[in-house]
Amino acid sequence: MTLQDIFKKAFLENVNSVSLPKAILIAGLALLLGLAIFYTYKTTYSGVIYSRNFSMALVAMSVITAVIVVTLASNIVLSLGMVGALSIVRFRTAIKEPLDVVYVFWAITTGIVCGAGMFLFALIPTLLLGVMFFLLNRFKDP
């Protein structure tokens, strides 16, 4: 058995393909949960300057991350290309509010979990975190 045969057997033959309905379900759920994150951020924001672009980016971040995870899980060739493309992208935007980092991680985590197909594990934390942010926003310091 040559190295090429081992590579084919280990990677290319064990690839799970994702059907179009499942991909649409994954992207749709990531979009809905991203919109829930958007609404939570918009209604509970208490910083100095609200950025609509940032809140819209949270929605896009959820969907894009879900699509990347599906791509990485379904095709090794595309995943290697995606890793190469993403390795040259760097974020230069300074996040001014510490809570904005939490929202970024929330959106990315939601996308990862949706992309992995664990829909219940995406829905429950989104509901819990949303309720937590609404309750904490209601009981602000005087």
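The values are calculated or read from the model by the stated rules, or taken from the named source; none is laboratory data. Keep in mind the model is a prediction, meaning the values are calculated, not measured. Positions of Cβ are generated from backbone atoms using ideal geometry, with glycine treated the same way; all protein chains shown enter the neighbour counts. Quick note on the areas: whole protein, heavy atoms, side chains included, nothing else; ligands and nucleic acids left out. Shrake-Rupley method; radii C 1.70, N 1.55, O 1.52, S 1.80 Å.
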- Query: Just to be sure, is residue 46 closer than 30 Å to residue 137 by Cβ and at pLDDT below 85?
  - Reply: yes
- Query: Can you find even one residue in the stretch 86-103 that is open to solvent by less than 40 Å² (accessible area, probe 1.4 Å) and either among the aromatic types (Phe, Trp, Tyr) or at pLDDT 90 or above (or both)?
  - Reply: yes
- Item | Residue count, the stretch 109-135 (criterion: at pLDDT below 90 and closer than 16 Å to residue 39 by Cα) | 0
- Which residues, counting only those in the stretch 40-73, are assigned to a helix (DSSP H, G or I), open to solvent by 70 Å² or more (accessible area, probe 1.4 Å) and β-branched (Val, Ile, Thr)? 64, 67
- Considering only residues of the stretch 104-136 that are open to solvent by less than 70 Å² (accessible area, probe 1.4 Å) and polar (S, T, N, Q), which is farthest from the chain's Cα centre (by Cα)? 126
